């Protein structure tokens with residue numbers, strides 16, 4: 001990460017590109033000889049918790065209250081994933097993500113020998129700033145994907161499962177807070193990365209509460225039961241790199257993914273350099289900027305919106321507003337995902353999209369005929385179609401078979417068995433027609449945490465001593481998303497595509513509200529989840 005210093009002891013870590021430390025985990029400790037029991041949230045079963053080579057049985061009622069069912073579900077499925085079928089060997093499900101014994105010894109030594117962390121004052125928001133180079137960010141992620149080792153991908157798979165569960169949980173919160181007729185978009189990867197970033201900057205008891213909410217209970221509170229935040233953010237970088245990895249179908253472009261963090265502070269709040277640098281794997285560009293948040297919160301919000309649009313070039317339909325004058329830190333994450341849909345080309349003119357059974361809007365549509373992965377479940381009244389975006393990334397489209405049952409389908413779809421549905425997909429000759437999409441959305445994690453009955457997790461009493469030695473009062477924690485899905489084929493708009501010879505072609509037309517997900521296949525991580533109610537209104 002590059003830093004600009006001036007004579008006021010200010011630092012400007014803009015346009016910095018960092019690489020994660022690829023620390024290898026310790027030797028896995030194993031326990032054998034026990035039988036595996038099913039463990040479901042809300043049941044009276046017990047979970048097998050493996051910590052430091054021992055086996056403990058913890059009643060579900062004794063789990064930490066924050067996100068209980070989420071934590072238990074993640075733990076049990078990860079524990080099941082670590083079960084060797086042949087000799088019934090158990091492996092602690094989080095051994096790749098917690099501190100190793102040697103790391104703990106080094107940390108203990110560092111705490112006694114190392115000087116205090118260096119701090120800096122963020123430059124004013126009006127300071128001259130270079131714009132974001134999104135192509136450079138894509139190239140950097142491609143390079144990361146080419147250097148990945150087996151353990152990197154294993155760690156990414158664990159984190160992918162955890163962020164999916166948290167994403168489903170928070171998507172329900174977001175969806176319930178909105179009108180059923182409106183659109184929704186949420187990024188599980190960004191949400192998880194934001195909370196993991198706060199975990200990296202937290203001390204107990206806040207750190208323990210964040211760890212539990214992320215899905216990893218710290219059973220004995222010992223060092224080797226604690227999440228290593230650097231490993232988690234490194235795993236998120238792996239997931240991001242797999243999304244844009246090259247090597248797919250010949251001639252297919254790779255997706256574009258940019259993640260930018262804005263750390264907006266009250267004047268005088270000093271940030272710790274190690275914390276800001278540590279964000280680089282998750283958000284390679286971080287803008288620490290200071291401005292007066294208390295005198296005129298609306299003006300502060302306007303300045304932040306203008307600043308982010310100037311440095312990214314992205315237009316957000318729902319700019320920031322409602323800043324609390326008591327805030328000293330705003331943590332905003334901005335994500336841009338752009339993908340080209342293989343096999344689809346634009347149709348001439350505009351087509352009807354039915355918002356409800358009496359109202360339609362005219363929108364640009366894409367269409368293509370070919371072999372797509374598809375699955376239909378009449379009993380659940382839904383079908384799923386997969387559209388390639390790159391080597392490992394794809395768009396999953398879910399629609400109700402009966403046209404107007406989306407609310408019921410949505411409740412069934414975004415749950416923990418969603419990745420299992422993906423395995424049901426099989427090749428099918430399809431003529432696919434769907435809207436060209438440009439979706440923008442924004443949500444405040446503070447609101448979602450309040451809905452999850454955790455309003456104080458990042459509240460005034462949160463201990464964020466690794467972010468700053470000053471008293472940090474966290475205000476808004478925004479995730480802002482820009483999603484663009486376009487045709488991969490450049491030929492002129494066509495009225496229709498020729499029908500392939502062979503099996504009967506299935507017509508799949510998304511001209512009514514539908515669900516979508518951006519899915520990374522190797523880590524099984526969901527980068528985006530959403531509902532399209534009206535393609536013209538974004539979200």
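The values are calculated or read from the model by the stated rules, or taken from the named source; none is laboratory data. These numbers come from a predicted model, not from an experiment. Here Cβ is always computed from backbone atoms with ideal geometry, including for glycine, and neighbour counts include all displayed protein chains.
If you go through region 79-104 and keep only what is at pLDDT 85 or above and in contact with a helix residue (DSSP H, G or I) (Cβ under 9 Å, 6 or more places away or on another chain), you end up with 96, 97, 98, 99, 100, 101, 103, 104. Condition first: surrounded by fewer than 19 Cβ atoms within 10 Å (Cβ to Cβ) and either under 21 Å from the mean Cα position of the chain (by Cα) or modelled with pLDDT of 95 or more (or both). Can you find one or more residues in region 485-502 that meet it? Within region 485-502, none of the residues are surrounded by fewer than 19 Cβ atoms within 10 Å (Cβ to Cβ) and either under 21 Å from the mean Cα position of the chain (by Cα) or modelled with pLDDT of 95 or more (or both).
Per-residue answers, yes or no, for (1) modelled with pLDDT of 95 or more; (2) within 20 Å of the chain's Cα centre (by Cα):
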site: 313; (1), (2): no, no
site: 321; (1), (2): no, no
site: 325; (1), (2): no, no
site: 328; (1), (2): yes, no
site: 331; (1), (2): yes, yes
site: 336; (1), (2): yes, yes
site: 342; (1), (2): no, no
site: 351; (1), (2): yes, no
site: 358; (1), (2): no, no
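For region 362-388, filtered to residues that are more than 19 Å from residue 429 (Cβ to Cβ) and modelled with pLDDT of 95 or more, the residue that is surrounded by the fewest Cβ atoms within 10 Å (Cβ to Cβ) is 362.
Within region 150-193, the set of residues being assigned to a helix (DSSP H, G or I), touching a residue at least 60 places away in the same chain (Cβ under 8 Å), in contact with a helix residue (DSSP H, G or I) (Cβ under 8 Å, 6 or more places away or on another chain) and under 20 Å from residue 482 (Cα atoms) comprises 163, 164, 167, 168, 170, 171, 174, 175, 188, 189, 191, 193. If you go through region 280-308 and keep only what is touching a residue at least 40 places away in the same chain (Cβ under 8 Å) and farther than 21 Å from residue 135 by Cβ, you end up with 288, 289, 290, 291, 293, 303, 304, 307. Screening region 404-418 for residues that are touching a strand residue (DSSP E or B) at 6+ places or on another chain (Cβ under 8 Å) and in contact (Cβ under 8 Å) with a residue 40 or more places away in the chain and picking the one that is surrounded by the most Cβ atoms within 10 Å (Cβ to Cβ) gives 414.
Restricted to region 194-218, and to residues there that are within 18 Å of the chain's Cα centre (by Cα) and either without any contact (Cβ under 8 Å) to a residue 40 or more places away in the chain or in a loop (DSSP other than H, G, I, E, B) (or both), the residue that is nearest to residue 336 (Cα to Cα) is 199. So, residue 517, is that one under 18 Å from residue 167 (Cα atoms), part of a strand (DSSP E or B) and at pLDDT 95 or above or not? Yes; evaluated as a whole, the condition is true for this residue. Residues being modelled with pLDDT of 95 or more, closer than 30 Å to residue 104 by Cβ and buried (at least 16 other Cβ atoms within 10 Å of the Cβ) are entirely absent from region 128-142.
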